[in-house]
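S.K.: Quick one: the structure is below, questions incoming.
The values are calculated or read from the model by the stated rules, or taken from the named source; none is laboratory data. Just so we're clear, the structure is a prediction, and the values are computed from it rather than from any experiment. Neighbour counts run over all protein chains shown; Cβ positions are idealised from the backbone, glycine included. Calculation scope for accessible area: heavy atoms of the full protein, side chains included, ligands and nucleic acids excluded. Shrake-Rupley method; radii C 1.70, N 1.55, O 1.52, S 1.80 Å.
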Amino acid sequence: MTQLKLALIGCGGIAQEHWRGIQTGTKRIKVTAVVDANLQQAQAMAERTGATAFGSLEDALAHGDFDAVDIMLPHYLHEEVAVRAFEAGKHVVLEKPMSTSLESCGRIFAAARHAGTVFMVAEQSQYWPDAIKIQKLIQAGAIGEVITARAVFAAPERPLSGPRPWRYDLAKSGGGITMDGGAHWLRPLRMWLGEIDEVIGVTGYPLAGMDGESLTHALLRFKTGVVAVFDTLHAGAVHGGGEEFRITGTMGEIITERGFTSGGVVLYDHAHPQGMQIMLKQPGRSASFGYELEDFECAVLDGTRLQATPEYSLGELQTAFAIYRSALTRQWEKVWLD
């Protein structure tokens, strides 16, 4: 193949980000089908993309022309749709988290192995330019040996103007802020510090109407012995600025300021005790959807290795589940269970 024909499965907000990423970050992907149970929403997406609209995956598989699917659905639908796509011999890119339970993830893995097609779990922070820059600084010894780190993810509560979001329903989401938005902050820590061995944490529920946790405080002990702090919050009307990541080493610190597109990366060392700005985050993170889909494109068309295998991408979900167990047992819990 010289071109990857892709079906977008789910035409909500994240699909708009993926479509922009395809337009700006890929050269060989053509969206030929869009699928949504809300046919009006699918038709609106079809007008943007030039693709054919379908009201179900079955209809798309029967009448559409595509080689791969990009699944952007509520978490509880991931297994059913991914397995059906693999059974049809399609390549699959699946928005994180893989599913709502490890048992469900196991069934997805089994279907992927049987299909023998490319399987990717989309975690955009793997491709954040600032996360990659920090990884290179650490590997180059810019702050010496890492002593500790901290990650803070905070999203203010937004007044509801429509029906209750599916993310507020535990049966559909599988968990709260830790396994959802918090995963984007866990991935960079794993990129920089290696694999997480065990965790201890507490969870809270300050966001009214949300079944899953909207507050997390946790310690993450990495296999290197380094311990990092991991905080998440989805509550409160307004949040101020502050650090988003802090990585402390024997020779200095790297700090990123809070905000998805604002702020930047600052290095503190002996030569720059007041701090030296290494890069601005604007507009890099918004481009990460294109970078990840380019990775998928190359894996399918060129046979290149994904930057993160689906097995590796299970780490954020495993970490979230370990935090959930720890909140109940009030003790350290292993991330990777036998």
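Conditions (1) over 22 Å from the mean Cα position of the chain (by Cα); (2) modelled with pLDDT of 95 or more, marked per residue:
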{"residue": "LEU4", "(1), (2)": "yes, yes"}
{"residue": "LEU8", "(1), (2)": "no, yes"}
{"residue": "TRP19", "(1), (2)": "no, yes"}
{"residue": "THR24", "(1), (2)": "no, no"}
{"residue": "VAL35", "(1), (2)": "no, yes"}
{"residue": "ASN38", "(1), (2)": "yes, yes"}
{"residue": "ALA44", "(1), (2)": "yes, yes"}
{"residue": "ARG48", "(1), (2)": "yes, yes"}
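S.K.: Is there a residue in the range 186-196 that is closer than 21 Å to SER125 by Cα and either open to solvent by 40 Å² or more (accessible area, probe 1.4 Å) or at pLDDT below 95 (or both)?
M.R.: yes
S.K.: Quick check on the range 4-21: of everything there that is touching a residue at least 40 places away in the same chain (Cβ under 8 Å) and open to solvent by 10 Å² or more (accessible area, probe 1.4 Å), which residue is nearest to HIS63 (Cα to Cα)?
M.R.: LYS5
S.K.: Kindly provide the set of residues from the range 185-234 that are touching a helix residue (DSSP H, G or I) at 6+ places or on another chain (Cβ under 9 Å), over 18 Å from PRO97 (Cα atoms) and among the β-branched types (Val, Ile, Thr), ordered by number.
M.R.: Residues satisfying the conditions are VAL199, ILE200, VAL202, THR203, THR224, VAL226.
S.K.: While we're on this one: Going through the range 294-316 one residue at a time, which ones are closer than 12 Å to GLU123 by Cα, without any contact (Cβ under 8 Å) to a residue 24 or more places away in the chain and either open to solvent by less than 10 Å² (accessible area, probe 1.4 Å) or out of contact with any helix residue (DSSP H, G or I) (no Cβ under 9 Å at 6 or more places or on another chain) (or both)?
M.R.: Selection gives THR309 alone.
S.K.: Just for strands (runs of 3 or more DSSP E) wholly inside the range 77-178: which have at least 1 residues that are among the aliphatic types (A, V, I, L, M) and over 30 Å from ILE247 (Cβ atoms)?
M.R.: 91-95
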